[in-house]
1. Residues of segment 127-139 being surrounded by fewer than 19 Cβ atoms within 10 Å (Cβ to Cβ) and either charged (D, E, K, R) or more than 19 Å from G206 (Cα to Cα) (or both), which ones?
2. Name the residue, out of A99, A105, that is buried (at least 18 other Cβ atoms within 10 Å of the Cβ), touching a residue at least 24 places away in the same chain (Cβ under 8 Å) and touching a Cys at 6+ places or on another chain (Cβ under 9 Å).
3. I need the full set of residues from segment 94-144 which are touching a helix residue (DSSP H, G or I) at 6+ places or on another chain (Cβ under 6 Å) and of a type in the set (F, W, Y), in order please.
4. Considering only residues that are among the small types (G, A, S) and part of a helix (DSSP H, G or I), look in segment 195-214 and name the one that is farthest from V102 (Cα to Cα).
5. Here is a list of conditions, (1) modelled with pLDDT of 95 or more; (2) surrounded by fewer than 23 Cβ atoms within 10 Å (Cβ to Cβ); (3) part of a helix (DSSP H, G or I), and V65 meets all of them except one; can you say which number that is?
6. Do we find a residue being modelled with pLDDT of 95 or more, of a type in the set (G, A, S) and under 27 Å from K5 (Cβ atoms) anywhere in segment 107-114?
7. Looking for whichever is within 19 Å of the chain's Cα centre (by Cα), in a helix (DSSP H, G or I) and either modelled with pLDDT under 95 or among the hydrophobic types (A, V, I, L, M, F, W, C) (or both) here; the options are L265, L236. Which one fits?
8. Quick one: which of Y222, Y171 is within 20 Å of the chain's Cα centre (by Cα), at pLDDT 95 or above, of a type in the set (S, T, Y) and surrounded by 23 or more Cβ atoms within 10 Å (Cβ to Cβ)?
Amino acid sequence: MKTIKGIIPPMITPLKGDDQIDREGTVRLTEHILAGGVHALFLLGTTGEAQSLSYKCRYDFVELVCRQVAGRVPVLVGVTDTSLDESVKLAAHAAKCGAVAVVAAAPYYFAPSQQELIEYYTALADALPLPLFLYNMPSHVKVFLEPATVKTLADHPNIVGLKDSSANMTYFQTLLYHLGGREDFALYVGPEELTGESVVMGADGGVNGGANIFPELYVQMYYAACNHDVNTMHALQRKIMQISTSLYTVGKYGSSYLKGVKCALSLLGICDDYMSYPYRKFRTEERARIRKALEALGAECGE
């Protein structure tokens with residue numbers, strides 16, 4: 001497949017109840033993100049609460065978003081699972097709905113060895129109907145995709161790239177050194193705090209959660225980085241740091257980032273901020289802090 005370059009928002013999954021898609025909110029959110037000029041969408045990732053959703057909910061969400069996007073941008077679908085068979089089934093559904101590729105982090109619970117990861121990803125890529133992006137997410141799956149492992153897997157014809165959410169720049173620079181510039185293997189950075197400098201150094205783009213809220217800002221920052229317009233990039237990156245430090249840090253939750261994104265979208269009137277179990281949406285005081293942060297960013301909030 002042709003390399004996707006740019007900003008690929010990891011879309012939240014709007015919910016209106018336990019395992020119930022907020023369908024109207026999903027349509028509004030999809031249009032809001034696309035209006036910002038993003039280059040693709042990534043569904044059912046960490047930001048999408050995928051591992052807390054039933055398979056039926058995941059399947060329905062993929063179908064709904066793909067129908068709404070209608071080919072305007074490429075859609076990537078997360079298929080991370082402890083079961084290879086379930087990953088393949090979801091990928092088949094994604095292909096049927098019009099997605100162009102899938103994304104998979106390592107199976108979690110028991111940490112596999114690097115050789116086991118090579119064998120797992122090879123088997124998965126062989127069985128998939130779509131190209132596969134690797135997903136390095138050590139904070140959640142408790143295993144690193146080491147550079148040597150990625151180099152080996154990059155030679156598989158159906159493995160086309162990697163998203164790195166480790167926030168480890170030495171690791172990402174090592175990947176760029178070995179694999180950067182390849183036409184058949186893309187490298188994306190997850191943490192938006194590092195996207196600008198990563199693109200300057202050769203990354204193909206960013207998979208940034210804040211682009212759910214302010215998609216155009218992240219697209220502008222990406223283009224500034226591509227053009228090596230350092231002054232503009234730094235100014236936009238400071239705005240992104242304001243988002244990161246004010247919207248993602250409310251409360252002492254492991255899920256503060258996700259709660260903040262969903263609460264912000266709710267205050268902007270785009271979708272509900274319901275969270276999948278065991279997580280709960282922000283209370284009144286926390287919601288007020290998000291409102292204040294949004295207003296400081298120049299956003300107009302509803303009730």
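1. A127, P129 - these are the residues of segment 127-139 that are surrounded by fewer than 19 Cβ atoms within 10 Å (Cβ to Cβ) and either charged (D, E, K, R) or more than 19 Å from G206 (Cα to Cα) (or both).
2. Values: A105 fails: touching a Cys at 6+ places or on another chain (Cβ under 9 Å).
Result of the check over A99, A105: A99.
3. Across segment 94-144, the qualifying residues are Y108, Y121, F144.
4. The initial filter retains those residues of segment 195-214 that are among the small types (G, A, S), namely 196, 198, 202-203, 205-206, 209-211.
So of that shortlist, the ones also part of a helix (DSSP H, G or I) come out as 196, 198, 209-211.
Working: G196: 25, S198: 23, G209: 18, G210: 21, A211: 20 Å.
If we take residues in segment 195-214 being among the small types (G, A, S) and part of a helix (DSSP H, G or I), then G196 is farthest from V102 (Cα to Cα).
5. All conditions are met except number (2).
6. Looking for residues that are modelled with pLDDT of 95 or more, of a type in the set (G, A, S) and under 27 Å from K5 (Cβ atoms), one finds none in segment 107-114, hence no.
7. Values: L236 fails: within 19 Å of the chain's Cα centre (by Cα).
So the residue among L265, L236 that is within 19 Å of the chain's Cα centre (by Cα), in a helix (DSSP H, G or I) and either modelled with pLDDT under 95 or among the hydrophobic types (A, V, I, L, M, F, W, C) (or both) is L265.
8. Working: Y171 fails: surrounded by 23 or more Cβ atoms within 10 Å (Cβ to Cβ).
Going through Y222, Y171 in turn, the sole match is Y222.
The values are calculated or read from the model by the stated rules, or taken from the named source; none is laboratory data. Remember, predicted model here, so these are calculated numbers, not experimental data. Counting neighbours? That spans all protein chains shown, and the Cβs are built from the backbone with ideal geometry, glycine included.
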